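Computed from the coordinates by the stated procedures, all read-outs in this text should not be read as laboratory data. Just so it is clear, the model here is predicted, and its values are computed rather than measured. Heads up, the Cβs are rebuilt from the backbone with ideal geometry, glycines too, and the neighbour counts pull from every protein chain shown.
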Amino acid sequence: MSAAPAMRVLVLANQKGGVGKTTTAINLGTALAAIGERVLIIDIDPQGNASTGLGIDRKSRRLSTYDVLIGEETLSAVLLSTAVPRLTVAPSTLDLLGVELELASRKDRAFRLKNAIRLFEQEQQSQPESERFTYVLVDCPPSLTLLTINAMAAADSVIVPLQCEFLALEGLSQLLSTVEQVKKTLNEVLIIHGIILTMFDPRNNLASQVAADVRGFMGDKVYDTVIPRNVRVSEAPSHGKPVLLYDLKCSGSQAYLKLASEVIQRERLFRAA
């Protein structure tokens, strides 16, 4: 009998805000859970939008990823259930704004999240196979700070949401050089899992041009799936729901289900390589 596949850690990162990073974390996580994976979303963005978008009220975030990073709690101690079956969240709070200063003098400051995830994975071994998490998605702040470096140091791969707009490629090249730097110095196995084009409006000539440019520049690193600009996707977080719970039939929901299938297909290829 073959061993159960190890828990995979995928980081959603882009130093530019407003590109659909948190939306992708929430909805890709929900879509993976919908097709049978057990998913943990770790929110390390001080704004906490992934936690809010999954319906986690700020008052119920007694413990958060801040407590994990400063070493006062284990990851398993801060987990909260969501309305989505098989989807759990480690929520964030504004305390994370000060974490960089608190960790500045620690030698292991870049590996705090990695160490927490490693301990969590060891704890998972005592769980029945059906109860173990198969995917961890880390939602990062829109900046290349110590929090994002922690996420990349802990990750198997990086998913890059990219809005189809002017200057998209400029921001992408900066992020790629950061990934390369982390790979050289902190995490030699780190790869780009894929680039997901978000907020795509086919009526906009610029969006189509940007999409063509990104595909020309990055080739098959760009997912086939494209996330359309869709009002239901924008509305869902204000109801504390992923769009798949808010409106399963809308184009945004269907795109995220397709993306989840594509992510799993790529995972199979990576494991076989």
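Can you spot the lysines whose alpha carbon is less than 22 Å from Lys107's alpha carbon? Ignore those fewer than 8 places along the same chain.
Partners found: Lys183, Lys184.
Quick one: order Asp247, Asp108 by neighbouring beta-carbon count within 10 Å, fewest to most.
The order, fewest Cβ neighbours first, is Asp108, Asp247.
On the Cα set of the stretch 12-89, report Rg and Dmax in Å, please.
Final numbers for Rg and Dmax: 12.5, 34 Å.
Can you list which of the chymotrypsin sites (Phe, Trp or Tyr not before Pro) found in the stretch 116-169 are DSSP loop residues with at most 11 other C-beta atoms within 10 Å?
Phe166
Working from the pairwise distances between different alpha carbons, so that the mean of 1/r is found and then inverted, what is the chain's Kirkwood radius in Å?
After inverting the pairwise mean of 1/r, the radius is 18.7 Å.
Kindly state, to the nearest 0.05, the FRET efficiency for Arg232 paired with Ile191, given R0 = 30 Å and r defined as their beta-carbon distance.
For R0 = 30 Å, the calculated efficiency reads 0.40.
Give the peptides 14-23, 197-206 in descending order of average Cβ contacts within 10 Å, highest first.
For the peptides 14-23, 197-206, the packing ranking is 14-23, 197-206.
Using the alpha carbons of the stretch 114-211, what is the convex hull volume per residue in cubic angstrom, as a whole number?
117
Run the Debye formula on the Cα coordinates of the stretch 143-273, all scatterers equal and no solvent, and tell me log10 I(q)/I(0) at q = 0.12, 0.14, 0.21 1/Å.
-0.54, -0.73, -1.31
So which helices of the chain fit the span-like rule, where a helix is a whole DSSP H run, its Cα atoms reach 15 Å or more along the axis, and its mean Kyte-Doolittle is at least 0.5?
Helices meeting the criterion: 21-34.
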